[in-house]
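Input: a single structure, listed below in structure tokens.
The values are calculated or read from the model by the stated rules, or taken from the named source; none is laboratory data. Remember, predicted model here, so these are calculated numbers, not experimental data. Cβ sites come from the backbone with ideal geometry, for glycine too, and all protein chains shown count toward neighbours. Note: areas computed on protein heavy atoms with side chains; ligands, DNA, RNA excluded. Shrake-Rupley method; radii C 1.70, N 1.55, O 1.52, S 1.80 Å.
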Amino acid sequence: MGKRRRGGRTLNGILLLDKSQGVTSNGALQMAKKMFAAAKAGHTGSLDPLATGMLPICFGEATKFSQFLLDADKRYQVTAQLGVTTETGDADGEVRDTRPVDVSEARALEALDRFLGDIEQVPSMYSAIKHNGTPLYKLAREGITVERKPRAVTIHEILGARLLDGDRLEFEVACSKGTYVRSLVEDVGEVLGCGAHVIGLRRLSAGPYPAERMMTLEQLGNIKAEGGFEALDDYLLPLSTSVADWPRVALGDNAAYYLRQGQPVMAGDRPQDGWVSLYEASTDTFMGVGEVLEDGRIAPRRLVS
């Protein structure tokens, strides 16, 4: 269990929060931080208020590894309303245009297939991307539109697509970091000639974390009421899980010592390049992450204190 200190408890771990609809990601973070009485916490990439689902919360030392979850692939369950476009690309925005819908399921599936693989997206003006230090959504609310450069993203797969009531399209999408599902839906709507916007969005997974490990704030509140912080802390995942799918390198005592001093070290069993997760061989303790250099040594990049 984490130790209490002024301003909150010192605890380290990752919570897979199932964010509820209508709550901002920062709002959900602050509620989770308060529930755990944590001194330090951060989330790993915003979900729109409309969206529900997985929002990994990093406590303490885990915040050092939040960027890797932010950069990880994501999976979403999506429901799109055909025939209507909105200012924001989702149901929270004002209606911009309505058009008749004459779309077969086969044509809808064909339109989705066009977006598989490497594509370019123009971010929405209602995204959190910053322009000269100001989030685009803040500029949009002031009626300001700025030019946005297309961004390269990858749509890995689209599953379970079906047309409901002739004007709602439901599908599951696995995609790379930086993918805007709202933009994908808008683009599909334009291919179909009727326009579209998101009316339902649920993040099913982020990086190595599956949907079944998520917990809602309500569930966590009940657990805390019954068992206090000790029961609550049992739902925190180890820091190492954030990079569980990375190559693993075990270091001997001497190499581990020098790595902790910030020095690159040699290790026997290692990949030729790329990033790796690091463990102290004698204790199987997760040390952090490093990068294999051109000369074969491993340089420390993020280490657990």
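Numbers at a glance
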quantity: Residue count for the stretch 67-108, restricted to those that are surrounded by 20 or more Cβ atoms within 10 Å (Cβ to Cβ), polar (S, T, N, Q) and not in a strand (DSSP E or B); calculated: 1
quantity: Hits in the stretch 267-293 - residues which are among the hydroxyl-bearing types (Ser, Thr, Tyr) and either farther than 10 Å from Val249 by Cβ or in a loop (DSSP other than H, G, I, E, B) (or both); calculated: Ser282, Thr283, Thr285
quantity: Filter pass, Asp273 being under 26 Å from the mean Cα position of the chain (by Cα), open to solvent by 50 Å² or more (accessible area, probe 1.4 Å) and more than 22 Å from Ser66 (Cβ to Cβ); calculated: yes
quantity: Yes/no for Gly200 being within 20 Å of Asp48 (Cα to Cα), open to solvent by less than 50 Å² (accessible area, probe 1.4 Å) and modelled with pLDDT of 95 or more; calculated: yes
quantity: Glu142 being more than 21 Å from the chain's Cα centre (by Cα), open to solvent by 60 Å² or more (accessible area, probe 1.4 Å), farther than 15 Å from Ala111 by Cβ and not basic (Lys, Arg); calculated: yes
quantity: Identity of the residue in the stretch 6-32, open to solvent by 60 Å² or more (accessible area, probe 1.4 Å) and in a helix (DSSP H, G or I), that ends up nearest to Gly207 (Cα to Cα); calculated: Asn26
quantity: Pairs where the first residue, in the stretch 6-21, is at negative phi and the second is in a loop (DSSP other than H, G, I, E, B) and of a type in the set (Ser, Thr, Tyr), C-beta under 6 Å, 6+ apart; calculated: Asp18/Thr216
quantity: Test for Ile57: is it open to solvent by less than 70 Å² (accessible area, probe 1.4 Å) and touching a His at 6+ places or on another chain (Cβ under 6 Å); calculated: yes
quantity: Residues satisfying the stated conditions in the stretch 177-202, i.e. under 14 Å from Tyr126 (Cβ atoms) and assigned to a helix (DSSP H, G or I); calculated: Val181, Arg182, Ser183, Val185, Glu186
quantity: Residue match in the stretch 238-250 (condition: free of Cβ contacts under 8 Å to residues at least 24 places away in the same chain and either open to solvent by 30 Å² or more (accessible area, probe 1.4 Å) or among the aliphatic types (A, V, I, L, M) (or both)); calculated: no
quantity: Hey, Ala174 open to solvent by less than 30 Å² (accessible area, probe 1.4 Å), assigned to a strand (DSSP E or B) and over 21 Å from Ser124 (Cβ atoms) or not; calculated: no
quantity: Ser46 being among the small types (Gly, Ala, Ser), open to solvent by 40 Å² or more (accessible area, probe 1.4 Å) and at negative phi; calculated: yes
quantity: Subset of the stretch 205-220 (residues that are assigned to a helix (DSSP H, G or I) and surrounded by 14 or more Cβ atoms within 10 Å (Cβ to Cβ)); calculated: Ala211, Arg213, Leu217, Leu220
